1. Whether any residue in region 222-238 is within 17 Å of Met323 (Cβ to Cβ), in a strand (DSSP E or B), modelled with pLDDT of 95 or more and open to solvent by 10 Å² or more (accessible area, probe 1.4 Å) is what I want to check.
2. Of the residues Lys106, Lys68, which single one is modelled with pLDDT under 95 and either crowded, with 22+ Cβ neighbours inside 10 Å or within 15 Å of ligand 1 (Cβ to nearest atom) (or both)?
3. For region 73-82, check the following and say yes or no: at least one residue is at pLDDT 95 or above, away from ligand 4 (no atom under 13 Å from the Cβ) and part of a loop (DSSP other than H, G, I, E, B).
4. Take region 285-307 and flag every residue that is open to solvent by less than 60 Å² (accessible area, probe 1.4 Å) and either part of a helix (DSSP H, G or I) or basic (Lys, Arg) (or both).
5. Testing Leu35 on (1) within 13 Å of ligand 1 (Cβ to nearest atom); (2) within 23 Å of Leu187 (Cβ to Cβ); (3) surrounded by fewer than 19 Cβ atoms within 10 Å (Cβ to Cβ); (4) aliphatic (A, V, I, L, M), one condition comes back false. Which one is that?
6. Give me a count of the residues in region 109-124 that are more than 10 Å from ligand 4 (Cβ to nearest atom) and open to solvent by less than 20 Å² (accessible area, probe 1.4 Å).
Amino acid sequence: MIKNTRTLGEFIIKNQLAFPFSTGELSSLINGIRLAAKVVNHEVNKAGLVDILGAYGETNIQGEKQQKLDVFANEKFIQALDNREIVCGIASEEEEDFVILNSDDKKNQNKYVVLIDPLDGSSNIDVNVSVGTIFSIYRRISPLGSPVQLKDFLQPGKDQVAAGYIIYGTSTMIVYSTGDGVNGFTLNPAIGSFYLSHPNMKFPEDGSIYSVNEGNYVHFPNGVKQYIKYCQKEEGNRPYSSRYIGSLVSDFHRNMIKGGIYMYPNSEIANDGKLRLLYECNPMAYIAEQAGGKASDGQSRILDIKPTELHQRVPFFCGSKNMVKKLEEYITTCQ
Ligand code: AHG
Ligand code: MN
Ligand code: MN
Ligand code: MN
């Protein structure tokens with residue numbers, strides 16, 4: 001029996017009607033993402049059966065070995081967005097430069113740019129562990145009628161008009177926000193529709209899970225080391241549980257439901273950490289704040305950072321508000 005009967009399609013229409021002057025373009029854009037999500041989901045689900053597991057044979061601009069599903073998901077999301085007359089350009093973790101959509105110059109009239117991490121958690125594909133997709137949407141700031149420019153993609157995260165993620169997990173979900181809270185939709189694979197299953201999602205203010213790749217502990221800054229020791233200390237509701245999947249989307253999703261903190265710090269071997277500001281940190285920070293959580297680079301709000309380059313990396317600490325505040329205290333006091 002399906003207990004939630006409102007579909008994502010109905011939810012999008014209802015929200016659009018609430019804004020009488022809305023043109024429906026953003027709704028159509030989210031619909032494009034919904035469609036691509038189903039296509040990628042179909043491929044992820046049968047990954048062990050068809051020849052789509054394993055390495056693609058190329059290295060991407062991040063210096064990572066691309067997986068076949070990285071390349072497939074990248075193509076499907078770009079195709080789905082190119083087919084609609086809404087998006088003028090796309091930047092992707094898997095593309096060296098941003099992609100200009102301007103067939104016949106018509107798309108130069110389009111208002112939105114999209115930034116994507118097409119497949120998050122690539123290293124988990126071959127071992128049948130949850131992966132995801134992350135997307136971020138901005139209104140362009142360059143004049144309509146001209147090709148999209150780099151500055152359209154380098155806007156601070158606080159200017160996002162929508163952001164979300166898809167999780168290809170035990171069930172497939174879309175979780176997104178257009179600046180009015182966070183809602184989650186679960187795919188019924190038999191029917192091919194997403195249903196509103198998690199309305200108005202909220203990060204618990206406190207939590208008892210910490211998620212970090214502790215294999216890198218020796219390289220972490222002292223403040224982060226001391227905070228991890230705090231998490232492990234027997235006192236009050238501590239020690240906290242350590243949970244690390246290695247897919248940002250999955251780790252974030254669990255922490256938002258149960259209460260927790262995700263950390264990818266800077267370290268002696270990676271000055272700015274690993275995660276990408278534009279495709280990973282900004283969209284997740286936007287969702288976190290919309291759900292009452294907090295996202296920081298250790299000192300400042302992620303959404304206030306003015307990006308300087310497409311593939312910029314940044315230390316990332318995100319989750320339950322009080323846990324992220326405590327982490328910031330440790331970073332400030334334990335230099
Ligand atoms: P991607 O698969 O899109 O390149 O992202 C991988 C990211 C993120 O999902 C995850 O949390 C992190 O890298 C894991 O990194 P480590 O293996 O260094 O812990
Ligand atoms: Mn990657
Ligand atoms: Mn990623
Ligand atoms: Mn990726």
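1. Of the residues in region 222-238, the ones within 17 Å of Met323 (Cβ to Cβ) are 223-233, 235-238.
Narrowing the set further to residues that are in a strand (DSSP E or B) leaves 235, 238.
Next, only the ones that are modelled with pLDDT of 95 or more stay: 235, 238.
So of that shortlist, the ones also open to solvent by 10 Å² or more (accessible area, probe 1.4 Å) come out as 235, 238.
For region 222-238, residues within 17 Å of Met323 (Cβ to Cβ), in a strand (DSSP E or B), modelled with pLDDT of 95 or more and open to solvent by 10 Å² or more (accessible area, probe 1.4 Å): present.
2. On the way: Lys106 fails: either crowded, with 22+ Cβ neighbours inside 10 Å or within 15 Å of ligand 1 (Cβ to nearest atom) (or both).
Going through Lys106, Lys68 in turn, the sole match is Lys68.
3. So far as region 73-82 goes, no, none of its residues is at pLDDT 95 or above, away from ligand 4 (no atom under 13 Å from the Cβ) and part of a loop (DSSP other than H, G, I, E, B).
4. Ala285, Tyr286, Ile287, Ala288, Gln290, Lys294, Ile302, Leu303
5. Result: Leu35 passes all but (1).
6. Residues in region 109-124 being more than 10 Å from ligand 4 (Cβ to nearest atom) and open to solvent by less than 20 Å² (accessible area, probe 1.4 Å): 6 in total.
Quick grid of which residues meet (1) farther than 19 Å from Phe153 by Cα; (2) under 20 Å from the mean Cα position of the chain (by Cα):
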site	(1), (2)
Ala36	yes, yes
Gly48	yes, no
Asp51	yes, no
Ala55	yes, no
Thr59	yes, no
Glu64	yes, yes
Asp70	yes, yes
Lys76	yes, yes
Leu81	no, yes
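The rows are residues; the columns are (1) within 20 Å of Tyr165 (Cβ to Cβ); (2) open to solvent by 60 Å² or more (accessible area, probe 1.4 Å); (3) in contact with a Lys or Arg (Cβ under 8 Å, 6 or more places away or on another chain).
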| site | (1), (2), (3) |
| --- | --- |
| His42 | yes, yes, no |
| Ile61 | no, yes, no |
| Glu75 | yes, yes, no |
| Ile78 | yes, no, no |
| Leu81 | yes, no, no |
| Val87 | yes, no, yes |
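The values are calculated or read from the model by the stated rules, or taken from the named source; none is laboratory data. Source: prediction; values computed, not measured. For neighbour counting, all protein chains shown are included, and Cβ atoms are generated from backbone atoms with ideal geometry for every residue, glycine included. For the accessible areas, the whole protein counts, side chains as well, though only heavy atoms, and no ligand, DNA or RNA atoms are used. Shrake-Rupley method; radii C 1.70, N 1.55, O 1.52, S 1.80 Å.
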